[in-house]
Structures are given as C-alpha cells and as structure tokens.
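Working notes for the structure below.
The values are calculated or read from the model by the stated rules, or taken from the named source; none is laboratory data. All values derive from a computational prediction rather than experimental measurement. Note: ideal-geometry Cβ built from the backbone for every residue, glycine included; neighbour counts use all protein chains shown.
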Amino acid sequence: LRVTHAAAALALLAWASPPAPSGVPETPVGVPKAPGSVRRALALVWEERNVLGAALLCLLLAAIGETSGPYVTGKVLDAIGSGNGVTSGAIGMVAAAGATSVLFSGCRGGFFILLKARLHQTLSLRLFSHLVHQDLDFFQGVPAAELLAQFSMEVPKVCSAAPYGANQLLRSLVMALVVGTSMVRLAPGLAVLALLELPFGITTHRIQTARKQSLQQSMMEASARTASGVQESVAAIETIRIFSAEEEEEKQHSWNLAKELRLKERIELELAFFTLVHRMLQLAIRVLVLFRSHQLLRDGYITPGVLVTFLLYQDRVGSHVQVLLYGFNQFLTNAAAGQKIWEYLDREPTGDVRGTREPPELQGHVTFQKVSFTYPGNPEHPVLKDVTFEVRSGEVTALVGHNGSGKSTAVALLERLRDPGSGKVLLDGIPLPEYEHQYLHRKVVLVEQDPVLFSGTIRENIALGLEHCKESELQEAATAAGAMDFIQGLEQGWDTEVGERGGRLAAGERRCVALARALLRRPAVLILDEALDDGDEGAAQRWLRTGLARTVLVVSHRPRVLDAADRLVVLERGAVVETGTPAELRERCGAYSRLL
Ligand SMILES: Nc1ncnc2c1ncn2[C@@H]1O[C@H](COP(=O)(O)OP(=O)(O)OP(=O)(O)O)[C@@H](O)[C@H]1O
Ligand SMILES: [Mg+2]
C-alpha cells in the first residue's frame, strides 16, 4: 500500500509542476487569466440547476452500473472455473449492471445536451439584449467581426465548458477513483505497476499542453486574420470589381490559408509525436503488468476471475485518466473564453433611459438650448458650440451648412442617438431624456440618405416594430412616401424580400420604403437627413408636406428643397450663424447666400 501512495504522490507532483519547455511563456496563453470567468460560467450553470441535478443523478447511477460490470464478470468467471456453473442469478446481475450503465449513460448524455442548449440560449440572448442597448461609440470602437465571433465561437465554448466539465470530468474523476481503489484492493502489487501510468501520462501531457497552447494562440490569430479578410472582401466586393483587384485578394487569401495550414500541420505533428510517446509508455507498463500477473497467477496469489476483473478495470482507469488529462485543461480554457462576454455584460450604457413621460398629444416643437457636443473619439474638436435654435410645430425647418458643419450631429442629438455634453434639447418644452425611450422613437423619426433596411419583406420593413398596424395605414404611408407604384410593380408586391441590408432594391426605392416606415408612425417630428438630396425634385418637395408628420426638420444641400422650407437654420463650424425664412436669408446676402 505504501508503494501505491508513493505512485499517487508522484502523480500529484507531476500534475502540480510542469517542466516548462524553453521558449514557452510561464503562464501559457489560453489558460484562464480571470478566475472570475470560470466562476461566472459556473454561476450561469447554477441557474439551470434542475437539469444539472437530473444529469448528475444519472451520472451517479451510470457510474454504479459501469463499475459493477467488471466485478460481476470476474465473479461469474470464477464460478465457471470452480465448476459451479453459471447461475441465472449471476447472469441477471451481469445483465442488470449492463442495463443500468447503458440506460443512465444515455439519460446523462441527454440531460447534459439539454443543459448546454439552454445555457446557449440564455447567454446568447443576454449578450444580444445587452449589446443592442450600448452607446453608439461602443460599436465604433469594436469591430463587427469581434462581436460576431463572441456569438459564433465564444458563447458556445462557455456554454459547453460546464456541462462538459460536469459530464466528462466528474464522471471520469469518480470512475478513476472508484476503479483505482478497487484495483488496489484486488491486487495491490499489480495496481502499483498499473498506476505508474499516471505520473508518466501526466508529465507528457503537461509538456504537450504547454507547447500546444502557444501554437494554438498563433493559430487563432491566423484564423481571425483569414476570416476578417473574407469579410472585408465580401463587404467591399464592388470596390474590388471596380479596381479589378480580385487576383490580389485571392493571393492574400491563399497566403493567409497557407499560414494557417502550416500551423495546423505543426500542431498535428506534435500531437502525433506526444501520442506516440504516451502510447509506448502505456504499452510498456501493460507488458509489465501482464508479466507480473502471470507470476502471481502461477503462484496462486490471484484467481483467473480476479485477473480478468483487474484487466477490465485497468482498461477503464486508463481511459478515464485520459479524459481527465485532456479534459481539465479544455474545461478551464473554455470557461475562461467568456472573459470578453462578461466584460460586455458588465458594461452599462451611459445614456439615461429612465424617462417615463408619454403625453397623448405632441405638438412637435423642438428647442436646442445652448447645446454643445464633442465626440468622445475626438475630444479636441468640439462639433457643436452653444447651439440655440427652434423648430416650430407644424412647420418645415431646414438645417443648412457646409459638409462637416455639424448638421447630422444635431440630428443625432434630437434622435437621442447621443446626448449633448452641455445644454438641452427640448421637445414641447420637456428635455428629451424625460420621455419614455420607445415613445420618443415613435414620435421623433429619422430617415437618412442611405437608410438601412433589414432582410425581410417590404411589409416587414415598413411595419418594423408596429405589429398591429392596419393595412389601410400601411397603404396610406406607402402612398405618401411614393412607394406604392414600385411596390405594386413588383411580382410579389408587399411580400418581396429586400435582401441583406435592402440590397435587392434600388437606392431610391430603399429610401421610399424608409420614408413609408417613418410616416406610418405618424411622427410628431420627422427628420430627413439628406434623404431628399437625390432623385426627383418634385417628389422631394412633396415629401416635405405629406400631412402625416406634424413638424419636419430637413437637412439638405438642394436649393429647391431649402426654398420650400418655412424657416432655415444655418450652421457654420458647429455654430448657428443665421436663422430666418428662405426669402429673408436670400435678401440678407449672408452665410446662406454664400452657401448657395
Ligand atoms: N463618430 C464620430 N466621431 C468623431 N467625429 C465625428 C464623428 N462623426 C462626425 N464627426 C465629426 O463631426 C463633425 C460634424 O459632422 P456631421 O456629420 O455632423 O457633419 P454634417 O454637417 O452632417 O456634414 P455632411 O453635410 O457632410 O453630412 C465633422 O467634423 C466630423 O468629422
Ligand atoms: Mg450629415
């Protein structure tokens, strides 16, 4: 027994202190840097404790079935050897052990798959709903590919970590302990020899893991580069075609792929080498065990039944130790993959969304009161400086100015896409943050020059967010937006799919759909940010006064659109320099006239 303890201590030592090969960092990449990630992954699993409990119960019952199998088989063999014959009771016990093992193993697997699926759904949803509420600056700072990778790669990893850990690792740990103890009890001397496999296995595994982790980090970076290359090429396919840069892109992609392939080959080669070393050691130990058991059998210390049980156990303990070796590291790496996810979930949007006001009637009177604003990405450059102007209810007001004068920024403040650094934006005399978030966005609606549509039908795009709107309202909005003609001309009419980002429609058609979407909400304030700057001038003037929006704020560079407005506000480098009717401003021969 003392020798057994020595073997166990050797195993522990090997586990605790890996001999780090030269050139590999002390803390290998991929090993969790934030213990919080593992704790939070486990806390997430705790939310599904019912499923987890059922899975663990099945695991325990399956383990009982699995360990009793070899024991009963050995007993039956001894009974045959002693000439007593096989009793129906013995056969029943073998069958019962097998059936318990099979039945509960299946249930265990099923429960763990269910657990993983539920975790995936919860975490994906939580992350998504958290992200859609983040400030716009957050999205400017994080590449879309990185956010996508969280959903497609990291969330599944985190969600599989705990179920995998509990299923495979816990099972293997219990089995290795139970089976290991049984082996020591059956034949202590043989057990010592067999358990020698542990320290050797652990040592080779530690060396291999340290090497693999640094290679895998390079592999991850290479894959990310390949993926983002593909994404960029697809997004910029028109530019690539225009400059006939296809071959260059192909070359770049094949270079990226070749680099990935080289790394993959290295990883696989090292894996093959270490597996070979491990297997050779395993084989040598097994030969020793067989040699020794032959001696013990010959001298009558053990029976053939005991030997069979022992060998069956040895096989099992080997596979469980294998799972423990490979799985534990995998578990930690996967659980720690969530570091970014938890960071995102901890991030709170800065905008105040606690407003509650929902007045039944809105006049649509907008006031900018000494508003100043600077983009966080460029704090040196104030974009709006002490801006004060009014957009009167029921009127069409145009915001005019050179490129970069701050028109779209003012619009973003009115839409509450951003909040002013100082000063206030008021709607009917009430600061915007006091309005309820959804109410405000139903009442103040923006149409941009190149509006974004979602993949789906035209109907879905126009009714976006308004599930119970009537057909007549839809028709009215589409007619006012001038979208009816082209919708009726389409083979599938309202049910035509617009494609990704509305790509199957012409730019003008996309704008009509976006305008119809805005008008359907009967907005108190309709903002048209350069939405009327190309296409038919007559239609542009009509859209200023559809009768479906009470107040209109239009940003435009088109003289005829500006002349059709009731009032103009002229911006220059972020400051208001002139206000008045188009006729007044033309007469004044000031900033507005210079602009024209
Ligand atoms: N996200 C951003 N981060 C930093 N600076 C920005 C950002 N968006 C705009 N700016 C800067 O703010 C200034 C005003 O931009 P804005 O888009 O409001 O101009 P604009 O009057 O709408 O111009 P245009 O007529 O070309 O649409 C510009 O100098 C621009 O560079
Ligand atoms: Mg603009």
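Only residues that are farther than 13 Å from A480 by Cα, of a type outside the set (D, E, K, R) and away from ligand 1 (no atom under 16 Å from the Cβ) were counted across the stretch 513-558, and they come to 8. The number of residues in the stretch 530-545 that are surrounded by fewer than 19 Cβ atoms within 10 Å (Cβ to Cβ) and at pLDDT 80 or above comes to 1.
Here G355 fulfils each of the conditions (1) outside any helix (DSSP H, G or I); (2) buried (at least 17 other Cβ atoms within 10 Å of the Cβ); (3) in contact with a Ser or Thr (Cβ under 9 Å, 6 or more places away or on another chain) apart from (3). Looking across R416, R392, one residue alone is away from ligand 2 (no atom under 16 Å from the Cβ), assigned by TED's automatic domain parsing to the domain that holds P523 and in contact with a Pro (Cβ under 9 Å, 6 or more places away or on another chain). It is R416. The lone criterion from (1) on the phi > 0 side of the Ramachandran plot; (2) outside any loop (DSSP other than H, G, I, E, B) left unmet by V371 is number (1). Quick one: how many residues across the stretch 554-587 are in a helix (DSSP H, G or I) and aliphatic (A, V, I, L, M)? Looking only at that region, the number is 4. Taken over the stretch 291-303, the residue count meeting the criterion of being loosely packed, with under 14 Cβ neighbours inside 10 Å and part of a helix (DSSP H, G or I) is 4. Listed by position, the helices (runs of 4 or more DSSP H) inside the stretch 75-160 whose residues that are surrounded by 16 or more Cβ atoms within 10 Å (Cβ to Cβ) and in contact with a Pro (Cβ under 8 Å, 6 or more places away or on another chain) number at least 2 are 88-131. Are any of the residues in the stretch 439-452 within 16 Å of ligand 2 (Cβ to nearest atom), more than 30 Å from F486 (Cα to Cα) and within 31 Å of the chain's Cα centre (by Cα)? The answer is no; no qualifying residue exists. The set of residues in the stretch 32-74 being at pLDDT below 80 and in a loop (DSSP other than H, G, I, E, B) consists of P32, K33, A34. For the stretch 575-593, check the following and say yes or no: at least one residue is at pLDDT 85 or above and under 44 Å from the mean Cα position of the chain (by Cα). Yes; the residues of the stretch 575-593 include at least one that is at pLDDT 85 or above and under 44 Å from the mean Cα position of the chain (by Cα). Before we move on, is L595 within 16 Å of ligand 2 (Cβ to nearest atom) and either loosely packed, with under 15 Cβ neighbours inside 10 Å or of a type outside the set (G, A, S) (or both)? Judged against the criteria, L595 is a match. The sole residue among R522, R550, R573, R560 that is more than 16 Å from ligand 2 (Cβ to nearest atom), touching a residue at least 60 places away in the same chain (Cβ under 8 Å) and not β-branched (V, I, T) is R550.
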